[in-house]
Each structure stands twice: as C-alpha cells, then as structure tokens.
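The values are calculated or read from the model by the stated rules, or taken from the named source; none is laboratory data. Just so you know, these numbers come straight off a predicted model, no measurement behind them. Cβ placement follows ideal geometry from the backbone for every residue including glycine, while neighbour counts extend to all protein chains displayed. Just so you know, the surface numbers come from the protein's heavy atoms only, side chains and all, with ligands and any DNA or RNA stripped out. Shrake-Rupley method; radii C 1.70, N 1.55, O 1.52, S 1.80 Å.
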Amino acid sequence: MSDTIAIGSALGAGLNPHRAQRVYRAILEAFARPGTVHALPRTNFPPALLPVLALADLETGTHVLEQRQDWTSVLAVATGAPAASLETAKYVTALRPPTVTEFGSVTIGTALSPESAATVVCAVDAIDGGTPVRLTGPGMVAETAFAPTGFDPALWEVRRRLVADFPSGVDLLLVGPDGSLVGIPRTTVVSGKEN
C-alpha cells in the first residue's frame, strides 16, 4: 500500500531543480572519488531511482529492473525518457538484485562511442557489511576497501569483463536504502579481498 501511495504522489512530479542539482552533484563526486560514500537527498522516490530522475531526458533510453511496482511509468512521466530494452538503455536502474545475465547484457558502447555505454544504478541493502573488495584507479589516493551488502559478488567478475575494452565499459552506482551512494566508474579496478 505504501508503495502505491508513493507512486501516486510521485507520478508526474519528478525532482524539483534543487534536489536534481543535489543528486547530480552527488553523482559527480561519487564518480570522481570511487569508493567514497556520498548522500542523496530524501524524497518519496526509491533512492536508487534518483540518479536516473536527475539525469535522464527525452534522448536517453532507460530500463528499470523492478519487482512489484511500475516505476518505469513514473520515470517516463517524470523525465520524458523513453523506456528501452536492457541491452540498449543508457540508464539501467536495478531496484531488485540484477542477475548475472541481466548485468552482463547492458550496453558497453564502443571505442569510438564510449559515451553510449550504460550507467547501471543498483539498489543494495547497505553500502557496507558485505563481501569486501578492493578498489584502485584514477581518483583514488590509495587502495580502498568496499563491502556492499546485497550486491551479488559474482557481478564483480561480470563487471570486469564489461570494462575490459576501455574506453568502452559500464559505470556503476550503488545506492543504499538511506540514500548513501558509491560510484565505481569504468576506470576503477575492482579486485577480491586477499586471504
């Protein structure tokens, strides 16, 4: 019932410009400093939907992996962004855990058109407390440990394959239920925890 009320009150509302700007700034900071936690503003929308609400427009195809509610329609009304297949969407939002097959089928762009790759936004149970991985790469002074809860560890191997042919690849945002946000751009190397 509460999801229905949230959808009803959110339908057509979108993000006000101030909130959209805060979401955009958090995304920029998250991608500039991989592995660091940033905060999204509180709204009636699921926190993982906020990046797409702030970034999508009439020319960016979106795809939402969801369980029970029709957030795809809300996103279309709020942004004007067309729904697209998982394989062609510029923005993929996983409001439920994506499968290995789903994650592996998102578009990675090409060497000549890396900007056509997908940004994948995944809702997670928490930004910490899960299986740890190490992050290294541009934007990081030192190796950073990161341990999201509710993100299938098998997806890290899929991501490794998706970003293997830089500059093509995918950019990843993980969003907790409290609006905590971590960015992992395609330039970040993710490796397993040493035993």
Obtain the radius of gyration and the Kirkwood radius of the chain from its C-alpha atoms and give Rg over Rh. 0.95
What are the DSSP H helices in the chain that stretch 30 Å or more along their long axis, judged by alpha-carbon atoms, and whose average Kyte-Doolittle hydropathy comes to at least 1.6? none
Dipole magnitude of the chain about its Cα centre, charges +1 at Lys/Arg Cβ and -1 at Asp/Glu Cβ only, in debye to the nearest 20? 300
Size of the dipole of segment 130-189 about the Cα centre, Lys and Arg at +1 and Asp and Glu at -1 on the beta carbon, nothing else charged, in debye to 20? 140
Find the accessible area per residue for the chain; the probe is 1.4 Å, ligands and nucleic acids are left out, and the unit is Å². 48
To check you understand DSSP bridge types, tell me what percent of the beta bridges within the chain (both residues inside) are antiparallel, rounded to 5. 50
Where does the chain land at 222 nm, in deg cm²/dmol rounded to the nearest 500, when only DSSP H runs of n ≥ 4 count, each adding -39500 (n - 2.57), divided by all residues? -8000 deg cm²/dmol
